[in-house]
Amino acid sequence: MKLIVLVAIALILLAVDAFTPWLDPVKSRLSLASLPLHWVTSLPGRVGEWTERSLMSRVELEKENAFLNREILVYKGQLQRMAAISAENTRLRSLLNATEMLSDKVLVAELIGVSPDPLSHTIIINRGRVDGAYLGQPVMDEKGLMGQIIEVQLSSSKVLLLTDDAHALPVQVIRNGVRAIAEGIGDFRRLNLRYVSPTVDIKEGDVLVSSGIGGRFPAGYPVGTVLDVHRDPGQPFMTVEVEPSANIERSRHLLLVFSEIKDFQAESAPSGEEPPHGGTDDRP
Amino acid sequence: MIGHRPFSSPVFIISLVLAYLLYFYPLRGELLYWRPMPVFLVVFFWLLVEPHVLGVGFAWLAGLVLDIFAGAPLGQNAMAMGISAYLLQIAGPRMKNYSVWHQLVVVAVLAMFYQLVVIVTGLVAGKSADAWFMLYPVVSTVLLWPFVAIALWKLYKPE
């Protein structure tokens, strides 16, 4: 008898949770409870990192320092060229009457928790409302886009990764500008491209960047590299496998991208209406 | 009072806290798919040891707490725990007479049942259920059972 009542309560909760948004505010409050658990369980890893750092010898530190200095020099050199190129680009775009390219600011964030469920690819980062994080904000690591924020708390946020099977984002091939939609399939090292017809010019090794269509992700950030293109004459579309550029499984230090698109979105949707699940609205 | 025994025992409280902590321990790569179900192991140990004090309600509540912590669809683990605990109550009184291997089979069936309920309720919440790796946790949980059970038993009843 007791069992029937309890199972009924569980079923009702499940149904309410799955089909209505009523429980969402409650759940996002409750999820705060898991933060201490994430914190405690990440201690061994962080202690390891800390001891490794503090036990580094002077010689090693100097070597690393020199390497980093060299790297900065190289990047600064590239940046100088970038400045000239972006100025030229702005001028050319103004000749074409196109809108000016948006400049993005970034904020460094740290990973504090990983979802224990292998089917839901979400992580928790240590930036929240007080740092200006917002729903749908793009998150990247040093190599490429990682995902977007789907839940903002006071000082932490939940990020849906590109590889989650509920996530999709519009991309573009750098080589020729072909557009496609990169969709997560629940594998940390793979994305699939959707609706690529067999006549489209796309091949192994092509680099994909975010196209900016849909207004959620800013244009031009690396997403992945095409690993394999498979044509099956019986199928209407090709199977295109993509390897994400970001170290989706390994990165601990991430960047939050603040782009001007945020204001644009706020203007176009003043009702403050947000999609129920961050990733799905980027789907066609 | 005998009835309050598990609740006042530090082993009971610490084992539960540890189980929830271990559930969140970050695993990487392939290991992620083999994550055992520590809360299941600990809760079922206590159900077996104190069947007159702890029952379906306790298991259900433990599952709900897991749902809250894990951000899973609310009620998913609660339902799985409740149903598996009920099955254990049917089979439980006889468990003590079984051999170790026989007990392992019972735990395997319960763990399988638990995972199936989780998978089916996950379908309702819009998750896919098309891969064999969803059953890997059952294997790792069953393999861990003897160690968890013996360790907790030794700690709880040292005499």
Overall Cα dimensions of chain B - principal axes, largest extent first, Å: 47, 31, 30
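Students often check this: by mean Cβ neighbours within 10 Å, which of B:97-104, B:149-156, A:214-221 ranks highest, and how do the rest follow?
A:214-221, B:149-156, B:97-104
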Two decimals, Cα atoms only, Kirkwood Rh: what is Rg/Rh over region A:140-187? 1.07
Peptide A:176-189, shielding by other chains (average Cβ, 10 Å cutoff): 1
How many Cβ atoms of partner chains, on average, are near each residue of A:109-117 if near means within 10 Å of its Cβ? 4
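What per residue convex hull volume, in Å³, comes out for region A:1-70 when only alpha-carbon positions are used?
Expressed per residue, the convex hull around the Cα atoms of region A:1-70 is 164 Å³.
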Relative packing of B:75-83, A:151-159, which averages over residues the other C-beta atoms within 10 Å, highest first: B:75-83, A:151-159
Would you please put A:53-66, A:162-175, A:12-25 in order of how densely packed they are, using the mean number of other Cβ atoms within 10 angstrom per residue and starting with the highest? A:162-175, A:12-25, A:53-66
Against the longest principal axis of chain B, how steep is helix B:100-124, in degrees 0 to 90 to the nearest 10, with axes from Cα atoms? 40
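Strictly over 20 Å apart at the Cα level, which of A:Lys158/B:Lys127; A:Lys2/A:Lys27; A:Lys2/B:Lys127; A:Lys2/B:Lys154 would you flag in this model?
Values: A:Lys158/B:Lys127 18 Å; A:Lys2/A:Lys27 25 Å; A:Lys2/B:Lys127 29 Å; A:Lys2/B:Lys154 32 Å.
Checking Cα-Cα distances, A:Lys2/A:Lys27; A:Lys2/B:Lys127; A:Lys2/B:Lys154 exceed 20 Å.
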Kindly provide the pair-distance distribution of region A:199-242 built from C-alpha pairs, with 10 Å bins from 0 and whole-percent values in order of increasing distance. 27, 41, 28, 4
Among A:Ser34, A:Ala15, A:Pro44, which residue has its Cα positioned farthest towards the positive end of the charge dipole of region A:2-52, with +1 placed on the Cβ of Lys and Arg, -1 on the Cβ of Asp and Glu, and the dipole taken about the Cα centre? A:Ala15
Under the definition of partner shielding as Cβ atoms of other protein chains within 10 Å of a residue Cβ, what is the mean value for peptide B:127-138? 2
When the expected Rg is taken as 2.2 N^0.38 Å, what fraction or multiple of it is the alpha-carbon Rg of the protein assembly as shown? 1.14
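I need the Kirkwood Rh of region A:114-266: take the reciprocal of the average 1/r across all distinct C-alpha pairs and report it in angstrom.
Evaluated over region A:114-266, this radius sits at 15.8 Å.
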Output the relative contact order of chain A, whole-number percent, from Cα pairs under 8 angstrom with separation of 6+ residues. 16
Taking each full run of DSSP H in chain A as one helix, which ones are at least 20 Å long along their axis (Cα atoms) and have mean Kyte-Doolittle hydropathy of at least 1.6? A:2-19
Which of the listed residues, B:Trp153, A:Ser156, B:Trp60, is farthest toward the dipole's positive end in the protein assembly as shown, when Lys, Arg count +1 and Asp, Glu count -1 at the beta-carbon? B:Trp153
³J(HN,Hα) across region A:241-248 via Karplus (A = 6.51, B = -1.76, C = 1.60, θ = phi - 60°), whole Hz, x for Gly/Pro? 9, 10, 9, x, 6, 6, 7, 4
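Coordinate-derived values only; no laboratory data. Model, not experiment: these values are computed from the prediction. Positions of Cβ are backbone-derived with ideal geometry, glycine not excepted, and every protein chain shown enters the neighbour counts.
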